[in-house]
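Notes follow the structure.
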Amino acid sequence: MTHVALVGTGVVGASWSLVFARAGLDVMTYDPNGNAAGRVVDFVRAALADLAAQGIPAREPADAVLARVKVAGSLEAALDGAQYVQESVPERVEIKRALYPLLDSAPPSTVLASSTSGLPASAFTEGLTHRARCLVVHPINPPHLIPLVEIVPAPWTATDVVERTTALMRQVGQSPIRLRREINGFVVNRLQSALLAEAFRLVEDDIVQAEEVDRAMSDGLGLRWFFMGPFETIDLNASNGIAEYCRNLGPMYHGLAREQADPREWTEALVARIERDLRTQVPASALPERRSWRDRVLAYLGTVKQRVENGGS
Ligand SMILES: NC(=O)c1ccc[n+]([C@@H]2O[C@H](COP(=O)([O-])OP(=O)(O)OC[C@H]3O[C@@H](n4cnc5c(N)ncnc54)[C@H](O)[C@@H]3O)[C@@H](O)[C@H]2O)c1
């Protein structure tokens, strides 16, 4: 594939434009909001400058990448010639339902992929004439710094659409996982949900403070999870691998899971308490700078991870 259209260029759409453009694809963007449409090129320019400032080597000059990102004046113009569409409009099913019949006017071979964080594609593509080319490609924000994408077919998505989309994601440097079928929250948010539920519970029950939960991850579990998942982690944590680990610790984890089985609401009082803790570390006015710092760290760690994956240790 060589031409992609990005429909909706807010937070996620803007980052997608860099993913595709730096991989050499022509990117046509469309957003009805003039500000968002205008900002996408600025975003790509700033993000490229940021990467360069950190000494992260670029494969080509920033201008060459920028030249591939174009802003279309209408949806029709954006779709013209696109072989793949990445939709990133707001997470409201009625907005997606209104948009998809318009996207369905693209030639049937054009893939229509949604960035949705939690809506199954079946919730907004059911009545389309060419629904077999629709699926979810869920990024983790910002996709130009975090490679994982979740590819989630609807019950009617054609297998070759899943195949072509997986190949495209690999081509542009993303790391796809393919869900066999739709499930609420997909994989990443289901994992995150289990972790957040426990994090809130530990603070609510006065076991530790929010900052200590964060450090349990950033100075503890997160260091391994940066480059290996929970299964490989436990496989390496017993001399004879995962089966031994599960024999030894399975009953303990089963007991813990039973204690964790009752879901709790995140009450306003609890959220306010955690927010107070967080604001003592980072005041509200410093949040934008903290986000930029996060993105700089992500970019740097991405280079370290690449070295590790290329055989460094
Ligand atoms: N922000 C995240 O962390 C994140 C992560 C993964 C996935 N997502 C998903 O990506 C999608 C977009 O999220 P976002 O955070 O970028 O939202 P956003 O509000 O930042 O951007 C949405 C953009 O869509 C535009 N838009 C509205 N209606 C449109 C239409 N009919 N056609 C074209 N553009 C239209 C808006 O003008 C806006 O610029 C959502 O489905 C969201 O769930 C978001």
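Here region 237-307 is assigned +1 on the Cβ of each Lys and Arg and -1 on the Cβ of each Asp and Glu. Its dipole about the Cα centre then comes out at about 380 debye.
For residue 23, neighbours were defined as the other residues whose beta-carbon sits under 12 Å from its Cβ, and their charges (Lys and Arg +1, Asp and Glu -1) total +2. Computing FRET efficiency as 1/(1 + (r/R0)^6) for residue 259 and residue 211, where r is the C-beta to C-beta distance and R0 is 22 Å, gives about 0.40. Think of a 1.4 Å ball rolled over the protein heavy atoms: region 82-144 then has 36 Å² of accessible area per residue. Heavy-atom accessible area for residue 80, with the other protein chains in place and a 1.4 Å probe, reaches approximately 130 Å².
Taking all protein chains as shown and a probe of 1.4 angstrom, residue 308 keeps an accessible surface of around 70 Å². Dipole orientation for the chain: of the candidates 156, 110, 99, 110 has the Cα lying most toward the positive pole (charges on Cβ; Lys, Arg +1; Asp, Glu -1).
In a reduced charge model with +1 at each Lys and Arg Cβ and -1 at each Asp and Glu Cβ, region 184-261 shows a dipole moment near 360 debye about its Cα centre. Report the longest stretch of the chain that contains none of the GluC sites (Glu not before Pro) sitting in a DSSP loop with at most 14 other Cβ atoms within 10 Å. For GluC sites (Glu not before Pro) (loop position, at most 14 other Cβ atoms within 10 Å), the longest site-free span of the chain is 127-264. When N counts the residues of region 1-160, how does its alpha-carbon radius of gyration compare numerically with 2.2 N^0.38 Å, as a ratio? Expressed relative to 2.2 N^0.38 Å, the Cα Rg reads 1.00.
When shorter helices are ignored and each DSSP H run of at least 4 residues is given -39500 (n - 2.57), the per-residue value for the chain at 222 nm works out to -15500 deg cm²/dmol. A simple count of charges around residue 257, restricted to other residues whose Cβ falls under 14 Å of its Cβ and scoring Lys, Arg +1 and Asp, Glu -1, yields -1. Of 196, 209, 140, which is farthest on the positive side of the dipole of the chain, counting Cα position, with +1 on Lys and Arg Cβ, -1 on Asp and Glu Cβ, and the Cα centre as origin? Farthest towards the positive end: 140. For the chain, a Kirkwood hydrodynamic radius built from all Cα pairs, placed in the Stokes-Einstein relation at 10 °C and 1.306 mPa s, yields a translational diffusion coefficient of 73 µm²/s. Semi-axes of the equivalent ellipsoid of region 76-159 are 19, 15, 13 Å, computed as sqrt(5λ) over the eigenvalues of the C-alpha gyration tensor in descending order.
Inter-part distance, region 245-287 to region 1-60, computed on C-alpha centroids, equals 35 Å. Taking the accessible area of the chain, probe 1.4 Å, and keeping the other protein chains in place, the carbon and sulfur fraction comes to 57%. Only the Cβ atoms of Lys and Arg (+1) and of Asp and Glu (-1) were treated as charged; on that basis the dipole of region 71-198 about its Cα centre amounts to roughly 280 debye. Value of Rg to Rh for region 85-209, rounded to two decimals, is 1.05; Kirkwood radius and Rg both from alpha-carbon coordinates. The Cβ shell under 15 Å around residue 115 holds other residues with a net charge of -2, Lys and Arg each +1, Asp and Glu each -1.
The values are calculated or read from the model by the stated rules, or taken from the named source; none is laboratory data. All of these numbers come straight from a predicted model, not from anything done at the bench. Positions of Cβ are backbone-derived with ideal geometry, glycine not excepted, and every protein chain shown enters the neighbour counts. These accessible areas exclude ligands, DNA and RNA; they are computed on the full protein's heavy atoms, side chains included. Shrake-Rupley method; radii C 1.70, N 1.55, O 1.52, S 1.80 Å.
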